[in-house]
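Some notes on the structure that comes next.
The values are calculated or read from the model by the stated rules, or taken from the named source; none is laboratory data. All of these numbers come straight from a predicted model, not from anything done at the bench. Please note: Cβ atoms are built from the backbone with ideal geometry, for glycine as well, and neighbour counts cover all protein chains shown. Side chains are part of the model used for accessible areas, which takes the heavy atoms of the whole protein and leaves out ligands, DNA and RNA. Shrake-Rupley method; radii C 1.70, N 1.55, O 1.52, S 1.80 Å.
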Amino acid sequence: MSGHVLALSGGVGGAKLAAGLAAVLPPGQLTIAVNTGDDFEHLGLTVCPDIDSVVYALAGLNDTVRGWGVVDESWRAMEMLGRLGEAQWFNLGDRDLAMHVARSWRLRAGESLSDVTARLTGALGIAHRVVPMSDAPVRTQVETAEGWLDFQHYFVREQCRPVARAIRFAGTPGAAPSPGLAEALARPDLAAVVLCPSNPFLSVDPILAVDGVREQLAALSVPFVAVSPLVGGKAIKGPLAKLLGELGRTCDNRAIATHYAGLVEHLIIDESDRAEAEGLRAMGLCATITGTVMCDAEDRERLARVALSAARYGTG
Ligand code: FO1
């Protein structure tokens, strides 16, 4: 079977599976639509962490130990910014900084985020389509006892310590899907949608909040497969487990499945959560059990093949 695959991705974990999909699918058969709710303006630059995580992973430039940013990074610009009395809470590596400079001036010159992303991915030799979820600014915000915090203030500056009461996506409704996402959703040869293992509340919900996206996804008649971000009842990285508790949910795959009800028909869960499969099947879902921890390229490609096969998509 062939056809087009639409992958929806957040940052770190999602980017790994996105890279796996790019390794097993030809460029013309994959669109990776990326969350931009984490984007923000910092020191006059537009930083798009999830797009960059996907771009660096596809270009083989990602720092796999730190989880974000560029490998072989240096921090001279940060040191100098510190001496100049500028903010130090958000770390911009020297190589990463070049990405934000290249993006920011082009945006300021009038290019759309889609155009800039295509330009930068092309320059890094990425042949697959990596598109923002929207060209309009959408900003994820988390309500805490201190009021509404912008996402990076909550995530990096406050290290996710404040208790989250609610999450909203400023700019929605009113943010149209990017041309690349709109085109992928409307393709007559769309054969599968793959939801990468990203945080449902912080990384996937912003994509679903883009005008019409949830409704269009729900109306598709193609397989919709999600890889759970939970492993052994915990998130590998990030605040998902803490958030699930704070938002009154259980920290298990049932909560993930319930969150995606009406969209996802097949959930891929980790071997360590094997005992949950029966409950998921009782909810009417298909469940595949496999190792979902991606440590290297082999893991990423294997999981990508499992996801595509769950979507009844043959890769030969
Ligand atoms: N995450 C951190 O925990 N600390 C940082 O200083 C930091 C800097 C940073 C710079 C560029 C970039 O693209 C990402 C960066 N991240 C940092 C990661 C990022 O904030 C989050 O991982 C994502 O937004 C969540 O997907």
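Quick notes on this one:
- Checked against (1) part of a helix (DSSP H, G or I); (2) in contact (Cβ under 8 Å) with a residue 24 or more places away in the chain; (3) open to solvent by 60 Å² or more (accessible area, probe 1.4 Å), GLU79 passes all but condition (2).
- Pair list, Cβ under 7 Å, 6 or more apart: segment 296-312 residue in contact (Cβ under 8 Å) with a residue 12 or more places away in the chain, other residue basic (Lys, Arg) and crowded, with 16+ Cβ neighbours inside 10 Å: ARG300/LYS16
- Across segment 30-44, the qualifying residues are those that are of a type outside the set (Asp, Glu) and surrounded by fewer than 19 Cβ atoms within 10 Å (Cβ to Cβ), and the one among them that is nearest to LEU149 (Cα to Cα) is HIS42.
- Residue within segment 86-99 that is over 19 Å from VAL55 (Cβ atoms), among the charged types (D, E, K, R) and within 16 Å of the ligand (Cβ to nearest atom) present: yes
- Test result for VAL12, touching a Ser or Thr at 6+ places or on another chain (Cβ under 6 Å) and either over 24 Å from LEU240 (Cβ atoms) or more than 10 Å from the ligand (Cβ to nearest atom) (or both): no
- Those residues of segment 302-316 which are charged (D, E, K, R) and within 14 Å of VAL194 (Cα to Cα), in sequence order: ARG305, ARG312
- Test: residue in segment 57-71 that is crowded, with 18+ Cβ neighbours inside 10 Å, part of a helix (DSSP H, G or I) and among the β-branched types (Val, Ile, Thr): no
- Just one of the numbered conditions (1) over 19 Å from VAL116 (Cα atoms); (2) modelled with pLDDT of 95 or more; (3) away from the ligand (no atom under 14 Å from the Cβ) is not true of THR31: (1).
- Some residue of segment 85-95 being in contact with a Gly (Cβ under 9 Å, 6 or more places away or on another chain) and open to solvent by less than 60 Å² (accessible area, probe 1.4 Å): yes
- Close pairs from segment 146-174: first within 10 Å of the ligand (Cβ to nearest atom) and open to solvent by less than 20 Å² (accessible area, probe 1.4 Å), partner modelled with pLDDT of 95 or more and of a type in the set (Asp, Glu), Cβ under 8 Å, at least 6 apart: PHE151/ASP38; GLN152/ASP38
- Selection within segment 233-243 - touching a residue at least 40 places away in the same chain (Cβ under 8 Å) and open to solvent by less than 40 Å² (accessible area, probe 1.4 Å): GLY233, PRO239, LEU240, LEU243
- Residue that is farthest from the ligand (Cβ to nearest atom), among those in segment 39-51 that are in a helix (DSSP H, G or I) and out of contact with any Lys or Arg (no Cβ under 9 Å at 6 or more places or on another chain): ASP50
- 3 or more residues over 26 Å from ARG157 (Cβ atoms) and polar (S, T, N, Q): qualifying helices (runs of 4 or more DSSP H) within segment 172-288: none
- Leading residue by the ranking (most open to solvent (accessible area, probe 1.4 Å)) among those in segment 129-145 that are away from the ligand (no atom under 16 Å from the Cβ) and part of a strand (DSSP E or B): ARG129
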